[in-house]
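A.B. asks: Dumping the structure here so I can ask a few things about it.
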Amino acid sequence: MADFEELSFVIPGHTPETMPLNRLLDYLQQVAAILGDPEKLHLVQVREGSCEPVLHTDTATALAAKERAARVERGDGTKRQIDGLNNVRRMLREDGVRKHPALLRTPNSIFLKIAAAPEETSLNGIRQASSVDGALIRIGGAGDYASIQLQDIEGKIISGFTAKRDLAKDLAAHLWEPVRLHGMAQWDRTKEGRWELDRMFVHSFDPLADESLSVTLGKLRGINVAWPDDAIERLLNERNGEP
């Protein structure tokens, strides 16, 4: 039985022959920030195919590294770890890698996929406690955590939500119903100045009344307030961060 665990980092769009040494070192520095314990990670090979640095470490360190990667994926990592993830995303974009994600993997499984940052997204984002409303349309995934999707009032699908299994089981009772998710979120700002959700680790939720926007506005119009004729348009514009 081997006395080490193998972790590797697949960098698409490169081969060992085309990857500059300084760029490879930059990637490895960010991977070390995500995985932690760099003094216990040993580079033993750069595998052919893509450019795939292969790392060996002891079993305990490998397990801790995979747990850190899982926390980063669901937006629950440290600032250093999330910065490392965002830097890899930025580097992939700069290298023109858009079709395929970078992969952190073991010989038997992939434990983190990192997609290139989109052109319109600024990586100078913020991480803060947030709440997001929408109709619950999907809960799924294997393991201790579930992925969640919402559909907002305009029909846009919102992804990037993750929750522990116990919370996801309770949430599943409200499938196809409006809910409000609460948790720690990462928000990125576009060049147009609009904040968009990147990911969110859900800590709790509230069921919401199953009403359409028109019904809600009908109730509001019943209050003794002079509502403008374009109230719906104004509300939608404010929701999208438009003037």
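A.B. asks: So which residues in region 42-51 are surrounded by fewer than 20 Cβ atoms within 10 Å (Cβ to Cβ) and not small (Gly, Ala, Ser), if there are any at all?
C.D. replies: Scanning region 42-51 gives His42, Leu43, Val44, Gln45, Val46, Arg47, Glu48.
A.B. asks: Sticking with this one: Tell me, yes or no, whether region 40-50 has at least one residue that is at pLDDT 90 or above, more than 20 Å from Phe161 (Cα to Cα) and assigned to a loop (DSSP other than H, G, I, E, B).
C.D. replies: Just the residues of region 40-50 that are at pLDDT 90 or above, to begin with: 40-47.
Of the ones still in play, those that are also more than 20 Å from Phe161 (Cα to Cα) are 40-47.
Filter once more, so that each one left must be assigned to a loop (DSSP other than H, G, I, E, B): 41.
Within region 40-50, one or more residues are at pLDDT 90 or above, more than 20 Å from Phe161 (Cα to Cα) and assigned to a loop (DSSP other than H, G, I, E, B).
A.B. asks: So the check is Cβ under 6 Å with 6+ separation or different chains; which pairs have a first residue in region 68-85 that's outside the structural domain of Arg127 (by TED's automatic domain parsing) and of a type outside the set (Val, Ile, Thr) and a second one that's at pLDDT 85 or above and assigned to a loop (DSSP other than H, G, I, E, B)?
C.D. replies: Note: pairs meeting the criteria are Arg68/Gly36.
A.B. asks: What are the residue pairs meeting all of these: first residue in region 34-53, first residue within 14 Å of Arg105 (Cβ to Cβ), second residue of a type in the set (Phe, Trp, Tyr) and in a strand (DSSP E or B), Cβ atoms under 8 Å, and 6 or more apart or on different chains?
C.D. replies: Close Cβ pairs (under 8 Å, with a partner that is of a type in the set (Phe, Trp, Tyr) and in a strand (DSSP E or B)) amount to Glu52/Phe9; Pro53/Phe9.
A.B. asks: Please pick out the residue among Ala64, Ala117 that is surrounded by fewer than 18 Cβ atoms within 10 Å (Cβ to Cβ) and over 30 Å from Glu177 (Cα atoms). Full working, then the answer.
C.D. replies: On the way: Ala117 fails: surrounded by fewer than 18 Cβ atoms within 10 Å (Cβ to Cβ).
Testing whether each residue is surrounded by fewer than 18 Cβ atoms within 10 Å (Cβ to Cβ) and over 30 Å from Glu177 (Cα atoms) leaves just Ala64.
A.B. asks: Which of (1) out of contact with any Cys (no Cβ under 7 Å at 6 or more places or on another chain); (2) farther than 17 Å from Pro101 by Cα; (3) in contact (Cβ under 8 Å) with a residue 24 or more places away in the chain does Pro16 not meet, given it meets every other one?
C.D. replies: Condition not satisfied by Pro16: (1).
A.B. asks: Within region 129-146, how many residues are in contact with a helix residue (DSSP H, G or I) (Cβ under 6 Å, 6 or more places away or on another chain) and surrounded by 15 or more Cβ atoms within 10 Å (Cβ to Cβ)?
C.D. replies: Keep residues of region 129-146 that are in contact with a helix residue (DSSP H, G or I) (Cβ under 6 Å, 6 or more places away or on another chain), which gives 139, 144, 146.
Now narrow it down to the ones that are surrounded by 15 or more Cβ atoms within 10 Å (Cβ to Cβ): 139, 146.
Residues flagged as in contact with a helix residue (DSSP H, G or I) (Cβ under 6 Å, 6 or more places away or on another chain) and surrounded by 15 or more Cβ atoms within 10 Å (Cβ to Cβ) within region 129-146 amount to 2.
A.B. asks: From the set of residues in region 86-112 that are touching a strand residue (DSSP E or B) at 6+ places or on another chain (Cβ under 7 Å) and assigned to a loop (DSSP other than H, G, I, E, B), which is surrounded by the most Cβ atoms within 10 Å (Cβ to Cβ)?
C.D. replies: Initial filter on region 86-112 (touching a strand residue (DSSP E or B) at 6+ places or on another chain (Cβ under 7 Å)): 86, 88-90, 92, 101-107, 110-112.
Retained after the next criterion (residues that are assigned to a loop (DSSP other than H, G, I, E, B)): 101, 106-107.
Details: Pro101: 17, Thr106: 13, Pro107: 9.
Ranking the qualifying residues of region 86-112, first place goes to Pro101.
A.B. asks: Report, by residue number, each residue of region 1-43 that is over 23 Å from Ala60 (Cβ atoms) and of a type in the set (Gly, Ala, Ser).
C.D. replies: Scanning region 1-43 gives a single hit, Gly13.
The values are calculated or read from the model by the stated rules, or taken from the named source; none is laboratory data. Since this is a predicted model, take the numbers as computed values, not measurements. Positions of Cβ are generated from backbone atoms using ideal geometry, with glycine treated the same way; all protein chains shown enter the neighbour counts.
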